[in-house]
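Taken together, the values in this text are just the output of simple stated rules run on the coordinates, not laboratory data. Everything numeric in this text was worked out from a predicted model, so none of it was measured. Positions of Cβ are backbone-derived with ideal geometry, glycine not excepted, and every protein chain shown enters the neighbour counts.
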Amino acid sequence: MASQNLPKPEYANNMKLIGHSDQGGRPDGVQLMVNKGFAITGHMFSKGFSVIDVRDPRDPKPVNYIEAPKNTWNIHLQSHGDLLLVINAKDMFAAPEFQDEEQYYKGALGEKVGTAEAKAEAPRDWTAGMAVYDIANPAEPREIGFMSVEGGGIHRIWYVGGQWAYASVLLDGFTDYIFMTIDMSDPAQPKEAGRYWLPGMNTAAGEEPDWAPTRRNGLHHAIIHGDTAYAAWRDAGMVILDIADRSAPSLITHRNWSPPFGGGTHNCLPLPDRDLLVVADEAVLDNCADGIKYTWIFDNREPSNPISISTFPTPDEHDYKAKGAHFGPHNIYENRPDGMVSDQIIYSTYQNAGYRVTDISDPFQPREIAAFVPPAPNKLADHRPGRPLIIQSCDVWVSADGLVYGNDYNGGLFIMECQF
């Protein structure tokens, strides 16, 4: 049965909406996975995560909602095979200190969230760590394991099966999120194996940052290929690590183009067969207050010296800067092994400019070949004061047969077909 009353896009080029869901009245989504015909999405404001049956993509049906622990975010998650890994961290956007989102994206987050010494004055009231679920039946996730951490919690994970997971973790005594390897040999008992941080982040050990106190020099997450981690370190740019020894990751190279550009590095996607990297800088403030952000292509033939050779075209069929809210890259589809894998076509989200598809067959001249901009949401799930009723396309997942699944901070789940 086809979905009824599908939202009409503000703009569409070579993309057609075939299905939509408000996810059981929880239309806010952050990270999105599809597993055995079920979409699993973490919520930014509705707490917890939801499962939507998308076996008929034209008629998606919400089937489950798993509530988060009190005051806890489950915004990011990873699924592969019969396992689902879900982050647990302080619910930042429910906290009074982050109602102005600029306070979240600027400065040392570890100092704002609190340290071990501050716990006596402000006891922790959230759950921090990583939950592991059995999803042999994705409609009924069953928690089987949990790894606790001391601090703000985990932000994002990379897991594509096997022994190892990789996470960005905000630990007591560090200025911001650092890189951690996690041993998944026993999924019921995941455990830390190793960690890496940039010099200056471990203030508990006496290190002192050498960057401006307004900068978010913390790990967003890493994408792994073989024994190399390609880590997006927000305002510190790209950090490439040798992880052959999972207990002792070591630096290969560190590249930062901020300043002069605005920082916020969010994804570093390796395309190993072409010796390329696709690197997205996230737009994090309304009305481009942090500048126009770009998605970059790097030549990675010499791993110790990756060089930027081009940027994706910036959407310009509408004045998105004046539209309001965030305009610019947020996330890129990361070539999940159970979905589409392509080193020619890149799928990405541009927040108030929706979903974009870019052909990089000529890496020096990326060209947009498809786009879909959803209409304004029906309502705001975002409870922060003064937020505009404007689409903020957040994440994208692509199936092996080319169906595009996207979500939004307020607009629900969109399922699209490409027509190129």
ask   = Taking K293 as the anchor, which lysines have their alpha carbon closer than 17 Å to its alpha carbon, excluding any fewer than eight residues away along the same chain?
value = K106, K321, K323
query = Just the Cα atoms of the range 182-280: what Rg and Dmax do they give in Å?
reply = 14.6, 45
query = Can you list residues whose amide H is under 5 Å from M184's amide H, if they're 5+ apart or on another chain and H is modeled 1.01 Å from N?
reply = W164, A165
message = Per-residue counts of other Cβ atoms within 10 Å, averaged by peptide: what ranking do you get for 324-331, 247-254, highest first?
response = 324-331, 247-254
Over the chain, relative contact order from alpha-carbon pairs under 8 Å, at least 6 apart, % = 15 percent
note = Taking only the alpha-carbon atoms of the chain, the convex hull volume per residue, in cubic angstrom, is 127 Å³
request  = Report, by chain and number, residues whose modeled amide H sits under 5 Å from the one on I345, excluding near sequence neighbours (fewer than 5 apart, same chain).
outcome  = I360
request  = Rank A165, G386, N13 by how far each Cα sits towards the positive end of the charge dipole of the range 11-418 (+1 on Lys, Arg Cβ; -1 on Asp, Glu Cβ) and give me just the farthest.
outcome  = G386
ask   = Among Y347, A222, P138, whose Cα sits farthest toward the positive end of the charge dipole of the chain (+1 at Cβ of Lys/Arg, -1 at Cβ of Asp/Glu, about the Cα centre)?
value = P138
query = Fewest to most neighbouring Cβ within 10 Å: what's the order for T127, T311?
reply = T311, T127
query = Residues with amide H under 5 Å of T228's amide H, sequence separation 5 or more or different chain, H placed in the peptide plane at 1.01 Å from N; which?
reply = I243
For the range 184-240 and the range 272-295, distance of Cα centres in Å = 19 Å
note = Expressed in angstrom and rounded, the centroid-to-centroid distance over alpha carbons for the range 1-61 and the range 141-155 is 26 Å
ask   = Given charges of +1 on the Cβ of Lys and Arg and -1 on the Cβ of Asp and Glu, with all other atoms neutral, how large is the dipole of the range 11-418 about its Cα centre, in debye to the nearest 20?
value = 580 debye
request  = Under a 10 Å cutoff between Cα atoms, tell me which one of V279, V169, V113 has the largest fluctuation in the Gaussian network model of the chain.
outcome  = V113
